Amino acid sequence: MSIRINKITRGRFGNKVFQYNNLVQMANNLGVEASCIKWEGNEFFKNIVSYKKTNKKQKILYWNEILEMSNDNLKLLCNDYDLILDDPSYALHNTFYKLTNKDPRNYLELKDKYVPLLPKNNTIVGIHIRGGDIKGRDRQGGREIHTPTYYKNSIKYLLDHKENKINNMDYHFIICTDDIYFQSTLDTIKFLKENKCNFSMGPNFGSLKYIEDFATLCYSDILINSSSTFCCAAVFIGKK
């Protein structure tokens, strides 16, 4: 009996993290084996589940079935099939809260070489500004891009509420984005400068080498997030 990912989702990195978390959480909940094809996580995370061959009949498990079925009924299915979370099951962020019964950090721990060296003696605020994918490649026409006002209001909120600082240490803001020409990016930088804030750019500012930016968000004390599974996944990996 097993829960399987034979083909990792076509979504980007954040969706893959959510899909993998659901795999290992469900396997734990049902007391069955987990199997996962190789993906980026094998490079970035410790102790990733490996792929295991099976001769058992396989059945794709859809997100709505996961939400509607009890664990007892899912276990009954496992008696007859190996269950698959491949596309188009869409078992990603929408099933997270039902399936996640253990801290995802038990299953998803960054390898030591990816743990970032962040400024010491500061409260680290990671700012994620969603990049080029949302402007056109996914045909959404930028509808999920947060406006400059969102980022400025979020920063102002922190500046006005010093109780959010960790041990009263000053904020250090780090902007993580793969698009340096977004108006949201330009206006956020300008606002930080105008308010004399300590800030820096993420390790891969303007590039597509995302893992170091992801790790920065994972180990920030506070996140100002975009509408993206990339930074939502960072919330439950890394620093508690």
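The values are calculated or read from the model by the stated rules, or taken from the named source; none is laboratory data. Please read all numbers here as calculations on a predicted model, not as lab measurements. Every residue, glycine as well, gets a Cβ built from its backbone with ideal geometry; the counts of neighbours run over all protein chains shown. Please note that ligands, DNA and RNA were not included when accessible areas were found on the heavy atoms of the full protein model with its side chains. Shrake-Rupley method; radii C 1.70, N 1.55, O 1.52, S 1.80 Å.
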### Task
Quick one: dipole size for the chain, taken about the Cα centre, charges +1 on Lys/Arg Cβ and -1 on Asp/Glu Cβ, in debye to the nearest 20.
280 debye
### Query
What lysines sit close enough to K196 to cross-link, taking a C-alpha to C-alpha distance under 26 Å and skipping anything fewer than 8 places away on the same chain?
K120, K152, K156, K162, K165
### Message
Give me the 1.4 Å probe accessible area per residue for the chain, excluding ligands and nucleic acids, in Å².
### Response
52 Å²
### Message
For the chain, what does the relative contact order come out to in percent, with C-alpha contacts under 8 Å and a separation of six or more?
### Response
23 percent
## Note on the structure
Checked the chain with the C-alpha gyration tensor, a ≥ b ≥ c its square-rooted eigenvalues, rounded below a/c of 1.5, otherwise prolate if a/b is larger than b/c and oblate if not; verdict prolate
### Task
Using Cα positions and a limit of under 23 Å, work out the lysines in reach of K75, with same-chain residues fewer than 8 apart set aside.
K7, K52, K53, K56, K57, K59, K98, K102
### Message
Which trypsin sites (Lys or Arg not before Pro) in segment 1-67 sit in a loop by DSSP (not H, G, I, E or B) and have at most 10 other Cβ atoms within 10 Å of their own Cβ?
### Response
R10, K53, K57
### Query
If you plug each phi of segment 174-188 into the Karplus form 6.51 cos²θ - 1.76 cosθ + 1.60 with θ = phi - 60°, what whole-Hz ³J(HN,Hα) values come out, in order, with x for Gly and Pro?
10, 8, 10, 7, 9, 9, 7, 9, 4, 4, 4, 5, 4, 6, 5
### Query
Roughly how much of D112 is accessible, in Å² to the nearest 10, using a 1.4 Å probe?
110 Å²
### Task
Round to a whole angstrom and tell me the spacing of the C-alpha centers of segment 164-181 and segment 191-238.
7 Å
### Portion, in percent, of the accessible area of the chain that falls on carbon or sulfur, probe 1.4 Å
49 percent
### Message
Residue by residue through segment 226-239, what is 3J(HN,Hα) from phi via Karplus (6.51 cos²θ - 1.76 cosθ + 1.60, θ = phi - 60°)? Round to whole Hz and write x for glycine and proline.
### Response
8, 7, 7, 5, 4, 7, 5, 5, 5, 4, 10, 10, x, 5
